[in-house]
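Student: Provided herewith is a single structure, encoded as structure tokens, for subsequent inquiry.
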Amino acid sequence: MRLTTKHLFWIKAMIHLIAIFPIGYLIILVLTNGAGGDPVQYIIHYTGIGALNTLVVLLMVSPLARKFKQGILIQTRRMLGLYVFVYASLHIMAFVSLDLLFEWSLFLQEVVKRPYIVVGMICYVILIALSITSLKSLKRKMGRRWQQLHNLVYLLALLAPIHFYWSVKSEVIEPAIYILIVCLLLLLRMRFSAKLSQYLSWLKLRFIA
Amino acid sequence: MHFHKRPTWDKFKDSDVTPEQVFNDRRRILKQMGFVGASALLSSNANAGIFDLFGDKKEKPQFLRSDLPHSKNTQYDSVLNGVLTPESKVITHNNFYEFGTAKSDPSENAQGFNVEPWKLVIDGLVDKPLTLDYDDLMKLFALEERTHLLRCVEAWSMVIPWVGFPLAALLKKAGVSNKATHVAFETLFEPEQMPGQKSRLMGGGIHYPYVEGLTINEAMNDLSFLSVGLYGKTLPPQNGAPIRLIVPWKYGFKSIKSIVRIRVTDKQPPTSWNQLASHEYGFYANVNPEVDHPRWSQATERRIGEGGLFSAKRINTQIFNGYGEQVAELYKGLDLKTYF
């Protein structure tokens, strides 16, 4: 069965629901003291994980669409990407407002001095660029450069879990899992990549012949 | 005459809203839906069977705390620079990786922790080794209340009224040999009771049992305190029941919890965080705004006080957490940047 535009409408509606639900849930948790007596770290972590989870889902769209020959699914990538941006924005807002309590000078110092925050900020800058250029009119105007810019999503996918890995005190297993998942998803793309298969056949020719 | 009438907005029957089990179990249900994090999908710990989603699980009973008779020692109150952190926050925001690495994990996972019977051994270079049971901890020494600052290495802090007795009193009772240079502490190792010790994922990669140490001079300083209670009652497990160390001029991780052994030695003992990342956590771990953690600043701290999320304050961190008058002497001639 080929998915139609009508299906796409419902899929998008579902994505909206699933993406927004955790934010409402977090608010309820915090208001009912379900996130601990001082939920600052909880909120920062929760929104960061939210961005990362959405990013993983986003990276799964293309391989799935290709595998099941449902090209229409590609159209969900834009909204998923924007939700990554929403969660990342909440993550940074929580850090600045709840943890640093709007000490902007401290924020600027930390951004420059701390490698894991530098990596996080690079991720956020990429997200801002991709979010702004997700406007259809801009996409048309940018032509081929649009795709070049949006290939940065792969850099983002690598850096985001590294930022997570680097930020923890000792609990490295969970961030390591994310790094692994992202690498697998990127490898999956390499397998599909025409360039790579060309390269592989070139290697074969070189070493077998 | 007064009739009880349902207000017009109350058109829902109780059964129309979320079933109680679902509500009580909301956190785990959400985890199973996959919103929380990759690890949550793997961490089906003690209380998380995948198939009992709608099982009739009851809310776990809270750990029972009892009142502790004590006197008040206010001699260190002049250091305090803020109001008490409310008890509800002190007992729900904890770093105690034996019960999980999130701040809210210990209060959720430790309520069934068993502290009776307890055995605390004091041995090593002492005249007469001691073994204290639970009652000894509460009754052997006159208990006093001291309010201290707690500065976490993660740059948050609290003001907490502890109940307990000076570490020196216990060491004097055992009689410290003059060969002694250090004191080593060890937390209970019982994976059946402490899920973090059972699973690496839950316990954050620390080598258990958790160990800590002080120099003998630090240990004999009057500020070094063994706490058996807070806010006038025995400690809850998440805060280190039944007995924990308080060394308020050092980062919180030095204040080891649920102690089963205190060993007097003539060598610097290994300490858990130092073993894990020696360039980030030194043996001394004295609070010092001049020496940053490699990944974050220690110049300021977020004080957790009364009120909601935005009422916290960012304040300047003091050298030795403000207790310089009592302890600066101990580090004369020591380069605090090298021996952090």
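Student: How many angstrom lie between the Cα centre of the stretch A:130-175 and the Cα centre of the stretch B:195-225?
Tutor: 40 Å
Student: How crowded by other chains is B:99-107, given as the mean number of beta carbons from other chains within 10 Å of each beta carbon?
Tutor: Whole-number average of other-chain Cβ neighbours for B:99-107 is 4.
Student: Pick out, in residue order, every one of the trypsin sites (Lys or Arg not before Pro) in the stretch B:243-314 that is DSSP loop and has at most 12 other C-beta atoms within 10 Å; say none if there are none.
Tutor: Counting only loop positions with at most 12 other Cβ atoms within 10 Å, the trypsin sites (Lys or Arg not before Pro) in the stretch B:243-314 are B:Lys267.
Student: If you don't mind, there's one more thing I want to ask. So how long is each side of the stretch A:5-208 along the principal axes, counting just the alpha-carbon atoms, biggest first, in Å?
Tutor: 63, 45, 36
Student: Defining a contact as two alpha carbons under 8 Å apart and six or more residues distant in sequence, what relative contact order in percent does the stretch B:269-340 show?
Tutor: The value is 30 percent.
Student: If you don't mind, another one. Which listed residue (B:Tyr339, B:Ala169, B:Leu214) has the Cα farthest towards the positive end of the charge dipole for the protein assembly as shown, taking +1 on Lys and Arg C-beta and -1 on Asp and Glu C-beta about the Cα centre?
Tutor: With unit charges placed on the Cβ atoms, the residue in question is B:Tyr339.
Student: Search the structure for amide H atoms under 5 Å from the amide H of B:Asn95, placed 1.01 Å from N in the peptide plane, and list their residues when 5 or more places away or on another chain.
Tutor: Correct list: empty.
Student: Can you tell me how the stretch B:146-293 classifies by the Cα gyration tensor, rounded, prolate or oblate, using a/c under 1.5 as the rounded cut?
Tutor: rounded
Student: Classify the stretch B:71-331 as rounded, prolate or oblate, taking a ≥ b ≥ c as the square roots of the eigenvalues of its Cα gyration tensor: rounded when a/c is under 1.5, otherwise prolate if a/b is larger than b/c and oblate if not.
Tutor: Because its axes are fairly even, with a/c under 1.5, the stretch B:71-331 counts as rounded.
Student: With a cut-off of at most 10 other beta carbons within 10 Å, and DSSP calling the residue loop, which trypsin sites (Lys or Arg not before Pro) in the stretch A:18-102 qualify? Please list them.
Tutor: Answer in residue order: A:Lys69.
Student: Express in whole angstrom the spacing between the alpha-carbon centres of the stretch A:1-62 and the stretch B:175-193.
Tutor: Value for the Cα centre distance between the two parts: 46 Å.
Student: Same structure again: How large is the dipole of chain A about the Cα centre if only Lys and Arg carry +1 and Asp and Glu carry -1, each at its Cβ, rounded to the nearest 20 debye?
Tutor: Using only the charged Cβ atoms, the result is roughly 1800 debye.
Student: Any idea how far apart A:Ile74 and A:Ser89 come out in nm if each label point goes 7 Å out from Cα toward Cβ?
Tutor: 2.7 nm
Student: For B:Thr265, what residues show an amide H to amide H distance below 5 Å, using hydrogens built from the backbone and excluding near sequence neighbours?
Tutor: Close amide H contacts, sequence-distant or interchain: B:Leu125, B:Thr181, B:His182, B:Val183, B:Ala184.
Student: Shape call for the protein assembly as shown from the C-alpha gyration tensor, a ≥ b ≥ c root eigenvalues: rounded (a/c under 1.5), prolate (a/b greater than b/c) or oblate?
Tutor: Prolate, since a/c reaches 1.5 and a/b exceeds b/c.
Quick note: the coordinates plus some simple rules give every number you see, no bench work behind them. Source: prediction; values computed, not measured. Glycine gets a Cβ as well: all are built from the backbone with ideal geometry, and neighbour counts include every protein chain shown.
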